[in-house]
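One structure is given here, and the rest of the page talks about it.
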Amino acid sequence: MASGGGIAAVTDHGGSLERAGVLFPDAPQPWIDLSTGINPHPYPLFELPATAFSRLPEPGRNRELAAVAASAYGAASSSNVVPAPGTQILLPRVASLVAAGRAMVLGPTYAEHRRAAAIAGHMVEETDDFDRLADADLAIIVNPNNPDGRVVAREDLLALAETLRSRGGLLIVDEAFMDVGPLAESLAGDVAGGGIVVLKSFGKFFGLAGIRLGFAIASPGIAASLDDQLGPWAVAGPALEIGIHALTDKHWQETMRARLAGEAQRLDALLAGHDIPVMGGTSLFRYVQMPGAGALFSVLGGHGILARNFVERPDRLRFGLPANENEWDRLSEALAAWRSGARKRRMRK
């Protein structure tokens, strides 16, 4: 079991309990996975038609999903929407929409955007200076940002898109967490003129990451090009049925947004009660910056709780939401153990 003040290594992504087991082999089971930003209260499953499994999806069902997604996300029409088996598969395809050149990613953020742009042949640089994105051929922004929850205003994004579009560039806005963000800042309704691609992740807010469903929202020409690249039957039958059902369920969505906001406040209070400062995040995850982050990560791991740490930023942690009262209790006990150990270490100095 990792312990003490050292920083245990972790992969570039959260959500791997296999790796957690390697890092903390003596941790109590079951694991509490707080390393992702996935809703711990998934959309309730329902009985699917047998044909969703036994037959290839009909094109009309895919078109219906696109229309439902357009309405849910504020796109002008279904011709702007490309359903896909998760946004991950879209990243290098979208990055290839402009000729290989200079790509800039507003960071720090999700690492896969850098990798996807490099796969597409771009020279990639990450910057924390928004104004520098105007010099790129391909600019990539996660909004709200993962892991710190930073939000870039819609008007600033539109101005950047116009600058890029004037010389053949492209703005990619990954809105994976906009379902719990300020919806007025979404660019999903602003793609008609080209030069903008908005990415939407279904699995995070709806808590169903395993069905692999996501969307690209773009001008009809760009959308058609991406759809051609994916080919027929890109989205599995069960994902089509669940996506159509969940995206039309406005009551569940509104109720869940309120629930998540309340639980994020509860997590803030719990962390603050143990002198852990929350610096940002969304209602699906909270972002912490503190000198003892490495020790806290290790103590939590020893208690069977996986937080998200960052090798390049060892003073940062990200916490997802506990799924139930048992998980809240275990997190509270682990934080108390960490705080007690930290107090004893200070007394020995």
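Does Gly60 satisfy the condition of being of a type outside the set (Lys, Arg) and free of Cβ contacts under 8 Å to residues at least 12 places away in the same chain?
The answer is yes for Gly60.
Applying the selection to segment 37-57, what residues are open to solvent by 20 Å² or more (accessible area, probe 1.4 Å) and either under 19 Å from Ala223 (Cα atoms) or of a type in the set (Gly, Ala, Ser) (or both)?
Ala50, Ser54, listed by residue number.
Could you please give the count of residues in segment 132-146 that are open to solvent by less than 10 Å² (accessible area, probe 1.4 Å) and in contact with a His (Cβ under 8 Å, 6 or more places away or on another chain)?
So in segment 132-146, the residues open to solvent by less than 10 Å² (accessible area, probe 1.4 Å) come out as 133, 136, 138-145.
Checking which are in contact with a His (Cβ under 8 Å, 6 or more places away or on another chain) leaves us with 138, 140, 142.
Residues in segment 132-146 being open to solvent by less than 10 Å² (accessible area, probe 1.4 Å) and in contact with a His (Cβ under 8 Å, 6 or more places away or on another chain): 3 in total.
Here is a check on your reading of the model: is Phe206 aromatic (Phe, Trp, Tyr), in contact with a strand residue (DSSP E or B) (Cβ under 8 Å, 6 or more places away or on another chain) and open to solvent by less than 20 Å² (accessible area, probe 1.4 Å)?
No, not satisfied.
Evaluate segment 147-169: report whether one residue or more is farther than 24 Å from Ala66 by Cβ, under 12 Å from the mean Cα position of the chain (by Cα) and open to solvent by 10 Å² or more (accessible area, probe 1.4 Å).
Yes, there is a match, as at least one residue in segment 147-169 is farther than 24 Å from Ala66 by Cβ, under 12 Å from the mean Cα position of the chain (by Cα) and open to solvent by 10 Å² or more (accessible area, probe 1.4 Å).
Do you know which residues across segment 170-192 are closer than 18 Å to Phe130 by Cβ, over 16 Å from the mean Cα position of the chain (by Cα) and open to solvent by less than 30 Å² (accessible area, probe 1.4 Å)?
If the condition is that a residue be closer than 18 Å to Phe130 by Cβ, over 16 Å from the mean Cα position of the chain (by Cα) and open to solvent by less than 30 Å² (accessible area, probe 1.4 Å), then Leu170, Leu171, Leu187 are the ones that fit.
Report whether or not Glu263 is farther than 18 Å from Gly37 by Cα and not aliphatic (A, V, I, L, M).
no
The values are calculated or read from the model by the stated rules, or taken from the named source; none is laboratory data. Note that the structure is a prediction, hence the values are computed from the model and not measured. All Cβ positions, even for glycine, are placed from backbone atoms using ideal geometry, and neighbour counts span all protein chains on display. These accessible areas exclude ligands, DNA and RNA; they are computed on the full protein's heavy atoms, side chains included. Shrake-Rupley method; radii C 1.70, N 1.55, O 1.52, S 1.80 Å.
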